[in-house]
Amino acid sequence: MAKNGFKLIDAEMHVTEPVDLWQRYIDPEFKARAPRRLHERRWDIRTIVEGEVMAQIPGGDWPALSDTEETALAERYAEEIARNFDPETLVRAMDKEGLDLAILFTTSAMYVTAFTRMDPRFAAAACRAYNDWLHDYIEAADPQRMFGAAAVPPHDIESAVGETRRAVTQLGMKAVFLRPNIFNDRPWHDRYYDPLWAACQELNVPVGFHETTGSRMKAAGADRFKNLGIAHIATHSMEQMLACMDVIMGGVMERFPRLHFAFLEHYEWRAPFGEMTHLTIPPSEYFRRQGFCAVECDEEFVAHVVDAFGDNNLVTTTDYPHGDSKYPRAMDRFLALPLSDRSKQKILWDNALRLYAL
């Protein structure tokens, strides 16, 4: 399938999990504690995890969507809602956008590990359940066009490595995703996580950092903004920046030079103080070598980014089926951006092939 002469990869398409996913898929030992997505409104992604309502800020506002906005989304995704976002709806959505391939990320499963500290065995069980469901979902949809990003339980490194290996070798996942926030008060460059980075490098799968607002994690801005919309802007941008700085400046990319990181959203003055001796190249060069960012389909400023930094580290996404997605015209809008055809080809196809080793 080609659109205006371009082949297209959505580097971060999303699934909408069924309400009873964890009740059906989680290990029997944890069935009584199984996470559960709420469905009080047509567009409700709130998820109960360990008694906490996620996607909602304690003491903050809900619903996050106005009635007008929810009505608009209900119209845009009427077919998907009627079919309860079954596998066929994703195939049809890809066809509408002209997508050849897509990497599928979660919506609700980003919340099942979203406590700074939690029972690591339960976190691992919740991730296993999601990954098993996603495998079945892709098999029922089109495994030649869709590939999964696996949920990884970060609270315990052995569980994280074990689930990464299982998801890649047995379930065919092409990436793992993590929240950018800090678990157990450990930054991502802590040597504790090195076995996970080593496994991902060995398996040739990238790590995708993706924030979701309204969890029980420490997140930039969530301590001061109770309006979910404002907090969303703060947490998504700042937590991704902090995670990017963490893995570069903390030396993760230095220690694992073949590992790719995706952030799906200046240092010279410290050098004289001896704090940068563990880095052998400038921070920007680590990102050029190993980092990727997603550009939204209507971000005209990307032309300036390409001029200043180049086009080798960018991918794009419809962000389907989230509320801020431009579906079903996202790819049309991307193709209208003021970029050269060569840059468009890289962002739409070449870079994502390299990121996900497709």
Would you check which residues across the stretch 177-193 are among the hydrophobic types (A, V, I, L, M, F, W, C), within 14 Å of Val112 (Cα to Cα) and either open to solvent by 40 Å² or more (accessible area, probe 1.4 Å) or part of a loop (DSSP other than H, G, I, E, B) (or both) and list them?
none
Residue identified as part of a helix (DSSP H, G or I), within 17 Å of the chain's Cα centre (by Cα) and not aromatic (Phe, Trp, Tyr) among Val161, Val168, Val91:
Val168
Return yes when Asp119 is among the acidic types (Asp, Glu) and closer than 18 Å to Phe30 by Cβ and no when it is not.
yes
Report, ordered by the first and then the second residue, all pairs with beta carbons closer than 9 Å, sequence separation of six or more or different chains, a first member in the stretch 333-358 that is on the phi > 0 side of the Ramachandran plot, and a second member that is buried (at least 16 other Cβ atoms within 10 Å of the Cβ) and not in a helix (DSSP H, G or I).
Ala357/Lys174; Ala357/Val205; Ala357/Pro206; Ala357/His260
Residue satisfying all of: in the stretch 252-282; assigned to a loop (DSSP other than H, G, I, E, B), out of contact with any strand residue (DSSP E or B) (no Cβ under 8 Å at 6 or more places or on another chain) and hydrophobic (A, V, I, L, M, F, W, C); modelled with the lowest pLDDT among these:
Met276
Selection from the stretch 318-358 of residues of a type in the set (Val, Ile, Thr) and either open to solvent by 10 Å² or more (accessible area, probe 1.4 Å) or modelled with pLDDT under 95 (or both) yields Thr318
On the basis of being of a type in the set (Val, Ile, Thr) and open to solvent by 10 Å² or more (accessible area, probe 1.4 Å), does Val168 make the cut?
yes
Select, from Ala222, Ala198, the only residue that is open to solvent by 20 Å² or more (accessible area, probe 1.4 Å), at pLDDT below 95 and either among the hydrophobic types (A, V, I, L, M, F, W, C) or under 29 Å from Ala352 (Cα atoms) (or both).
Ala222
When you scan the stretch 283-317, how many residues do you find that are in contact with a strand residue (DSSP E or B) (Cβ under 8 Å, 6 or more places away or on another chain) and either assigned to a loop (DSSP other than H, G, I, E, B) or surrounded by fewer than 15 Cβ atoms within 10 Å (Cβ to Cβ) (or both)?
4
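To keep it simple, each residue is scored yes or no on (1) in contact with a Leu (Cβ under 8 Å, 6 or more places away or on another chain); (2) at pLDDT 90 or above; (3) open to solvent by less than 20 Å² (accessible area, probe 1.4 Å).
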residue: Glu50; (1), (2), (3): no, yes, no
residue: Asp61; (1), (2), (3): yes, no, no
residue: Leu73; (1), (2), (3): yes, no, yes
residue: Arg83; (1), (2), (3): no, yes, no
residue: Thr89; (1), (2), (3): no, yes, yes
residue: Met94; (1), (2), (3): no, yes, yes
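One line per residue, one yes/no per condition, for (1) assigned to a strand (DSSP E or B); (2) within 23 Å of Phe287 (Cβ to Cβ):
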residue: Val205; (1), (2): no, yes
residue: Gly208; (1), (2): yes, yes
residue: Gly214; (1), (2): no, no
residue: Lys218; (1), (2): no, no
residue: Ile230; (1), (2): no, no
residue: Gln240; (1), (2): no, yes
Scan the stretch 119-131 and tell me whether some residue there is modelled with pLDDT under 95, more than 20 Å from the chain's Cα centre (by Cα) and either surrounded by fewer than 20 Cβ atoms within 10 Å (Cβ to Cβ) or of a type in the set (Lys, Arg) (or both).
no
Number of the condition not met by Ile138 [criteria: (1) in a helix (DSSP H, G or I); (2) modelled with pLDDT of 95 or more; (3) more than 21 Å from Glu12 (Cα to Cα)]:
(3)
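The values are calculated or read from the model by the stated rules, or taken from the named source; none is laboratory data. As the structure is a computational prediction, the values presented were derived from the model and not from experiment. With ideal geometry, Cβ positions are generated from the backbone for all residues, glycine too; neighbour counts draw on all protein chains shown. SASA here: full protein model, heavy atoms, side chains in, ligands and nucleic acids out. Shrake-Rupley method; radii C 1.70, N 1.55, O 1.52, S 1.80 Å.
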